[in-house]
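> Before I ask anything, let me first share the structure, which is written out below as structure tokens.
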Amino acid sequence: MALRLPRDALVPLLVLLLVVVHATDATQRLEMVTSSAPARGGAGAGTTSRARVAAASCASWRLGVETNNIRAWYSIPAACRGYVSDYMFGEQFRQDCAVVAREAAAYAEGLALAGDGREAWVFDVDDTALTNLPYYADTGFGAQPYNATYFEEYVANATAPALPEVLGLYGKLLALGIKVVFITGRHDYEREPTVKNLRSAGYHTWEKLVLKPSSLGSSVVPYKSGERQKLVDAGYRIVGNMGDQWSDLVGAPEGDRTFKVPDPMYYVA
Ligand SMILES: *[C@@H]1O[C@H](CO)[C@@H](O)[C@H](O)[C@H]1NC(C)=O
Ligand SMILES: *[C@@H]1O[C@H](CO)[C@@H](O)[C@H](O)[C@H]1NC(C)=O
Ligand SMILES: [Mg+2]
């Protein structure tokens, strides 16, 4: 009898305490995800609870980015620099790419193909067929302002490695008789190093390589969807479309199915 009173009082107190702790935690997480100010902790903060909160909030941020819920962001949150670096250089990115490639291959293999040479698969180039991880790792994953000179140097070098999973898919599509079309945001004056780089990375053949006319503005969706429309007008059936940015994939005609390669490094409208 004497125990009942404190116990009854204890339960609401505990609940209240939990709610307060939880709310504080949630607010803190939300701040870390949405704040553009550099966080004091971040991934380098060690084994503190703040580091765990940062890892969880950065995972949520990455999910938001991949699902196109978070848009028009300029650079990764400062607190997530270590997280993105670990993700890109670690097993998770590889696994995530493997899932994309596996689903795409299963889809392509399940198609009733006409085999008339008019079935096409559209690939983006940067951070889809090729990876620019060396450039982004060197510039703080977008934390430093975009350096056009450096990036043009990187493109001119023509040393970007293939994304292995995408290269594997490319081979399977060719074996199925599907034509490959690259539509890239790289400019037409970068054709030579782009051809060289695609070849040296293992992409030995393609139906078309479409580069952006220098006269065009920076908006990707009208350019890429316009080029897909030209393909359709020329009699191609776009069975698949793969890119690392949503702007590679949206805008009619999208293609029968789209596949998003993970990319938490930058956002292109
Ligand atoms: C941009 O890149 C060029 C070429 O690598 C380099 O010389 C220059 O210092 C960089 N600029 C900034 C602001 O980092
Ligand atoms: C270009 O290649 C040279 C030689 O391999 C290398 O030293 C340099 O860092 C590369 N530059 C870029 C921007 O990738
Ligand atoms: Mg890209």
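> Which is in contact (Cβ under 8 Å) with a residue 40 or more places away in the chain and within 16 Å of ligand 2 (Cβ to nearest atom), of 200, 219? If you could, list the steps in order and put the result at the bottom.
On the way: 219 fails: within 16 Å of ligand 2 (Cβ to nearest atom).
Matching residue, one of 200, 219: 200.
> Now for a separate question. Checking residue 84 against (1) away from ligand 1 (no atom under 16 Å from the Cβ); (2) in contact (Cβ under 8 Å) with a residue 60 or more places away in the chain; (3) surrounded by fewer than 19 Cβ atoms within 10 Å (Cβ to Cβ), which test does it fail?
Going through (1) away from ligand 1 (no atom under 16 Å from the Cβ); (2) in contact (Cβ under 8 Å) with a residue 60 or more places away in the chain; (3) surrounded by fewer than 19 Cβ atoms within 10 Å (Cβ to Cβ) one by one, residue 84 breaks only (3).
> Considering each of 141, 151 in turn, give the residue that is of a type in the set (Phe, Trp, Tyr) and touching a residue at least 40 places away in the same chain (Cβ under 8 Å).
Working: 151 fails: touching a residue at least 40 places away in the same chain (Cβ under 8 Å).
From the options 141, 151, the qualifying one is 141.
> Only one residue in 247, 200 is over 22 Å from the mean Cα position of the chain (by Cα) and of a type in the set (Ser, Thr, Tyr), so which one is that? Outline the logic, then answer.
Numbers: 247 fails: over 22 Å from the mean Cα position of the chain (by Cα).
Of the residues listed, the single one that is over 22 Å from the mean Cα position of the chain (by Cα) and of a type in the set (Ser, Thr, Tyr) is 200.
> Being assigned to a loop (DSSP other than H, G, I, E, B) and aromatic (Phe, Trp, Tyr) is the filter; apply it to segment 63-93 and report the residue that is nearest to residue 260 (Cα to Cα). Spell out how you get there, then give the answer.
Residues of segment 63-93 assigned to a loop (DSSP other than H, G, I, E, B): 67-77, 90.
Now narrow it down to the ones that are aromatic (Phe, Trp, Tyr): 73-74.
On the way: 73: 18, 74: 20 Å.
Restricting to residues being assigned to a loop (DSSP other than H, G, I, E, B) and aromatic (Phe, Trp, Tyr), the top hit is 73.
> Need the failing condition index for residue 131 against (1) more than 11 Å from ligand 1 (Cβ to nearest atom); (2) over 18 Å from residue 76 (Cβ atoms); (3) of a type in the set (S, T, N, Q), just the number.
Of everything listed in (1) more than 11 Å from ligand 1 (Cβ to nearest atom); (2) over 18 Å from residue 76 (Cβ atoms); (3) of a type in the set (S, T, N, Q), residue 131 misses just condition (2).
> Then there is this: Go through segment 129-161 residue by residue and tally those that are within 16 Å of ligand 2 (Cβ to nearest atom), among the small types (Gly, Ala, Ser) and farther than 14 Å from residue 266 by Cβ.
Looking only at that region, the number is 3.
> Considering (1) within 16 Å of ligand 2 (Cβ to nearest atom); (2) β-branched (Val, Ile, Thr); (3) outside any loop (DSSP other than H, G, I, E, B), say which one residue 122 fails and leave the rest.
Here residue 122 meets the rest and fails (1).
> I need a count of the residues in segment 130-159 that are within 17 Å of the chain's Cα centre (by Cα) and either small (Gly, Ala, Ser) or assigned to a helix (DSSP H, G or I) (or both).
9
Quick note: the coordinates plus some simple rules give every number you see, no bench work behind them. Predicted model only: the values in this text are computed from it and were never measured. A quick note on method: Cβ atoms are made from the backbone with ideal geometry, for glycine too, and the neighbour counts reach across all protein chains shown.
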